[in-house]
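Here the structure is laid out as structure tokens; the discussion comes afterwards.
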Amino acid sequence: MTAASLLERLNDLSPVGSLPRALEELYDGGLAIPSPCLYVNFVTSVDGVVAVEERRNSGSVISGHNRADRFLMGLLRAFADAVLVGAGTVRAEGRGARWTPDFVYPDAAAGFMELRARLNLPAQPRLAILTAGGELDATQPALQEGPIVLAPSGTAATLRRELPSGCEVVAPGGEERVDLRLALDALRQRGYRRILCEGGPNTFGELLRQRLVDELFLTVSPVLAGRDQGGDRLGLVQGAHFPAGRFPSMELRGVRRSGSHLFLRYRLDHASAR
Ligand SMILES: NC(=O)c1ccc[n+]([C@@H]2O[C@H](COP(=O)([O-])OP(=O)(O)OC[C@H]3O[C@@H](n4cnc5c(N)ncnc54)[C@H](OP(=O)(O)O)[C@@H]3O)[C@@H](O)[C@H]2O)c1
């Protein structure tokens, strides 16, 4: 760790790749993401809350706008061929949101660009949005940048008429919902092998149910958010309920800290068995 480091490495069992110097200093060490890989990134309160209000940028609220968390988001995006998000998150993040490394941590933009060049990646990852109902704001800047939109066939037909022509609307199976396994196949067929999923919790739950997740990067913010009886706040995993004794289990591969924020890297056991 140097004076410039944002994170302090406590333990790292994953294969470590070298990063551009400025990034390696900020991250306190190297990082590698395997290919292919579906890796997920979330920030949670200590009591497991990831969304405090519908349609609000919950991640920043929960992390307390933590710089190290924003840097890590940027770094993980910088490795990605594609960033996959559910439409609930797109709506919550608001009109101006972009899913690029420099948008979330502009101070390291040069390092992110250098990393992508080393990995032979284009300047920015491709955004991929999952939707069943198709409620997307066609005028939103991120929609002008040619994302892939994954939707069931009926919704896809409507979206092809309504969204900007640069959007690629794909219907990977399913009448009501997208078949997530086919959706990932569709992304991989387009050459997107390192796929970063930034949630939200319903999308994560569905990916977990289908055992499609390889790794989880989890920032634990030192706050306790609490929940009402009605459960208006969302937990890390929504829409999936695993029987006792058959919980998806994980191996802890890395631990970093920044003050009282913890940065954990897990590998899903079912991924290691694949
Ligand atoms: N703390 C964090 O790190 C973090 C990260 C991400 C999000 N969040 C927060 O989480 C909240 C949103 O939660 P959420 O669970 O509603 O978000 P979400 O998972 O992003 O969105 C759920 C929506 O994604 C679409 N979707 C997911 N799976 C699909 C499938 N198989 N087929 C078709 N469409 C599918 C559907 O969109 P349609 O509704 O359009 O049909 C579904 O309603 C926001 O407050 C956001 O800020 C927090």
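Just so it is clear, none of the values below were taken in a lab; they were calculated from the coordinates. Computed from a predicted model, the values in this text were never measured in an experiment. Reconstructed Cβ throughout: ideal geometry from the backbone, glycine too, with neighbour counts over all protein chains shown.
A crude spin-label estimate for the pair SER153 and LEU224, with each label 7 Å from Cα along the Cβ direction, gives 5.2 nm.
With K and R counted +1 and D and E -1, the other residues having a Cβ less than 14 Å from that of ALA123 yield a net charge of +1.
Take the Cα of SER272, step 7 Å toward its Cβ, do the same at GLU145, and the gap between the two points is 3.5 nm. Highest average first, the peptides 4-13, 80-89, 40-49 ordered by how many other beta carbon atoms sit within 10 Å of their residues are 80-89, 40-49, 4-13. Placing a pseudo-label 7 Å from each Cα along the Cα-to-Cβ vector at ARG95 and ARG209 gives an inter-label distance of 3.4 nm. Give me the net charge for the shell around ILE195: Cβ to Cβ below 10 angstrom, other residues only, Lys and Arg +1, Asp and Glu -1. That works out to +2. Less than 5 angstrom separates the built amide H of GLY235 from those of VAL50, all sequence-distant by 5 or more or on a different chain. Placing a label point 7 Å from the Cα of ARG257 along the Cα-to-Cβ direction, no residue of the stretch 46-84 has a backbone N closer than 14 Å.
If every alpha-carbon in the stretch 1-143 counts as one equal scatterer, what log10 I(q)/I(0) does Debye give at q = 0.14, 0.15, 0.20 1/Å? Ignoring solvent entirely, the Cα scatterers give -0.72, -0.82, -1.37.
Could you please report the charge total around ARG21, scoring K, R as +1 and D, E as -1 over all other residues with beta-carbon less than 15 angstrom from its beta-carbon? Walk me through the numbers on the way to the answer.
Numbers: positive: ARG118; negative: GLU24, GLU25, ASP28, ASP107, GLU114.
Around ARG21, the charge tally is -4.
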